[in-house]
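Since the structure comes first, as C-alpha cells, the remarks are kept for the end.
The values are calculated or read from the model by the stated rules, or taken from the named source; none is laboratory data. On a predicted model such as this, the values are computed, not experimentally measured, just so you know. Virtual Cβ from ideal backbone geometry, glycine too; neighbours counted across all protein chains shown.
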Amino acid sequence: MTGGTTNARKGLSSYRRVVIKIGSALLVDRKTGLKSEWLDSICSDIAALKSAGVDVLVVSSGAIALGRTVLGFPTGALKLEESQAAAAVGQIALARAWSESLSRDGIVAGQILLTLGDTEERRRYLNARATIKQLLKIGAVPIINENDTVATSEIRYGDNDRLAARVATMTGADLLVLLSDIDGLYTAPPHLDPDAEFLDIIPAITPEIEAMAGGAASELSRGGMRTKIDAGKIATAAGCAMIIASGKTDHPLQAIEQGTRSSWFAPSDAPVTARKTWIAGQLQPAGELHVDNGAEKALGLGKSLLPAGVRRVEGHFHRGDTVAIIGTDGHEIARGLVSYDVDEARQITGRKSAEIEAILGYAGRAAMVHRGDLVMTGAFRSKASRKEEVVHAG
Ligand code: GLU
C-alpha cells in the first residue's frame, strides 16, 4: 500500500478528468418534461470545474424518459421497440438541451452515442476513444449516452452506471461521479432497515460491500445500487475514484464541493494498465478455456496459458477475442485475448506447444493466451496465488 494522495478524498477541482453520470429522474419530470433550471445549475457547476482546468465528460440518461413525455406514452413498462422510439425522440431534445445550456457558459457540447460493441470490440473502442479525446482536446464537453435506438436487449448496457465507468476507464479519468436520487451507500437498504448506516468512505469494494448492494443485477434493479457497485469495480480497478451522490438539489457538484453527504470509493493503489482494464471489464467474454491445476498455478505466477494446460474449450470465438479462463473449481480466474480461433484452439487443447505446427499446419503462437494479454480477475484466486508466489520466492 502506498497510501498518500491517491487514497485521500479531495475536492472535485483537484481531479484531472471527471466523468459525471446523471440519472433520468434528475433531468426529466414525468409530467412537465425537462428540468431546465436544474440543467442550467449543473452546467454552471461544470463551467466552474472547467475553468479550474478539469476535463469534464457527461454521461446523460434521460432520452427514454424525455421521449415518452413528448410522445405522451402512459406510465408503466415499455416494450423494447417503444423505448427505442422514445429514445429516438428524446435523444434529440436531450442533446439540444445540453448544448444550449452549456453554451450559456461559452462551452461547446459534442454528442457521442455508444453501443456495447463500441466499448467491447477493440478497434471500435479505440475509434470511440480517439473521438472523445479529440473533443476534450478542443475544450468541448462530450455528452454521452447509450445508443438506445439500435441497441437490442441482448447486446446493450441497459444502465448508464456501467457505461459511465467504461467511459471513465477508456478516457483515463481519475474520478467518476454518479448522480441520482440516492445519496450514497448504506450498510443495508435505509428504507427497510432503521439501523442502516451511511458509508462515506469505501477503501475497497470487498465481498461485504458487494453484499450491501443487494442481489444480482436484473431488469428491476437497473440503475440501483447493484449497477453502481459494478461501476465502482470497473472504475476503481483502473485507478479511478468514484463518488455516489444525490443530485436532487440544484448545483449538485457545488454541493459535493461544499461537503454534502456522499460516498467516496478509493481508487486501487495498483491499477492495472488501460489495456488490461479493458480486457477485465469486458461484459461478455466470447468463450471459456477450462484449465488444469498446473496451468492455474502458472497463471497465478504471471505466466502465459499454454495449450497443454487447457482441458476444454467452450463458446465461439476468433483470434483476438476475450475469453474467460475457468479454474478446476468452475470459477473464473482470469481473462485474456485468445491467440487462436475456436476450432484451432480445440485441436491444440492439451497438446504441447511444439506440436502446434504439425497439428495446424503453421507455426502459431506458443501460448493460447499470452501473459501480456492476460489479467487475473478472480479476487480469491489471485490472493491464493499471491500466497503461493511468496512461498515460491522463499
Ligand atoms: N440510456 C437510457 C436513456 O437515456 C438510460 C439508461 C439508465 O438510466 O441507466 O434513457
Scan the range 36-47 and give yes if some residue there is modelled with pLDDT under 95, closer than 19 Å to I107 by Cβ, surrounded by fewer than 16 Cβ atoms within 10 Å (Cβ to Cβ) and of a type in the set (D, E, K, R), otherwise no.
-> no
Across the range 49-80, the tally of residues that are more than 13 Å from the ligand (Cβ to nearest atom) and in contact (Cβ under 8 Å) with a residue 60 or more places away in the chain stands at 5
Count - residues of the range 131-165 that are within 16 Å of the ligand (Cβ to nearest atom), in a helix (DSSP H, G or I) and surrounded by 15 or more Cβ atoms within 10 Å (Cβ to Cβ) = 6
Hey, any hits in the range 272-279 for a residue that's more than 14 Å from the chain's Cα centre (by Cα) and either over 27 Å from I112 (Cβ atoms) or buried (at least 21 other Cβ atoms within 10 Å of the Cβ) (or both)?
-> no
Restrict the check to the range 212-234 and report whether at least one residue is away from the ligand (no atom under 16 Å from the Cβ), under 14 Å from the mean Cα position of the chain (by Cα) and either at positive phi or part of a helix (DSSP H, G or I) (or both).
-> yes
Would you mind stating whether F317 is crowded, with 21+ Cβ neighbours inside 10 Å, without any contact (Cβ under 8 Å) to a residue 40 or more places away in the chain and out of contact with any Pro (no Cβ under 7 Å at 6 or more places or on another chain)?
-> yes
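Please work out which residue is surrounded by the fewest Cβ atoms within 10 Å (Cβ to Cβ), limiting yourself to the range 235-244 and to residues that are within 16 Å of the ligand (Cβ to nearest atom) and either assigned to a strand (DSSP E or B) or without any contact (Cβ under 8 Å) to a residue 24 or more places away in the chain (or both).
Step one: filter the range 235-244 for residues within 16 Å of the ligand (Cβ to nearest atom), giving 235, 242, 244.
Keeping just the survivors that are either assigned to a strand (DSSP E or B) or without any contact (Cβ under 8 Å) to a residue 24 or more places away in the chain (or both) gives 242, 244.
Details: M242: 29, I244: 26.
Filtering the range 235-244 for residues that are within 16 Å of the ligand (Cβ to nearest atom) and either assigned to a strand (DSSP E or B) or without any contact (Cβ under 8 Å) to a residue 24 or more places away in the chain (or both), the one surrounded by the fewest Cβ atoms within 10 Å (Cβ to Cβ) comes out as I244.
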What number of residues within the range 274-304 are hydrophobic (A, V, I, L, M, F, W, C), at pLDDT below 90 and part of a helix (DSSP H, G or I)?
-> 4
Output yes when any residue across the range 13-29 is of a type in the set (F, W, Y), outside any strand (DSSP E or B) and either under 23 Å from the mean Cα position of the chain (by Cα) or closer than 24 Å to D200 by Cβ (or both), and no when none is.
-> yes
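For the range 251-266, how many residues are of a type outside the set (A, V, I, L, M), crowded, with 20+ Cβ neighbours inside 10 Å and not in a strand (DSSP E or B)?
Applying the first criterion (of a type outside the set (A, V, I, L, M)) to the range 251-266 yields 251-252, 254, 257-265.
In the following step, the residues that additionally are crowded, with 20+ Cβ neighbours inside 10 Å were identified as 252, 262-265.
Retained after the next criterion (residues that are not in a strand (DSSP E or B)): 252.
Matching residues across the range 251-266 total 1.
Listed here are the residues, each with its yes/no results for (1) assigned to a helix (DSSP H, G or I); (2) away from the ligand (no atom under 16 Å from the Cβ).
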residue: E82; (1), (2): yes, no
residue: A85; (1), (2): yes, no
residue: V89; (1), (2): yes, no
residue: W98; (1), (2): yes, no
residue: G106; (1), (2): no, yes
residue: Y125; (1), (2): yes, yes
residue: R129; (1), (2): yes, yes
Does A93 satisfy the criteria of being more than 12 Å from the ligand (Cβ to nearest atom), assigned to a helix (DSSP H, G or I) and within 25 Å of R166 (Cα to Cα)?
-> no
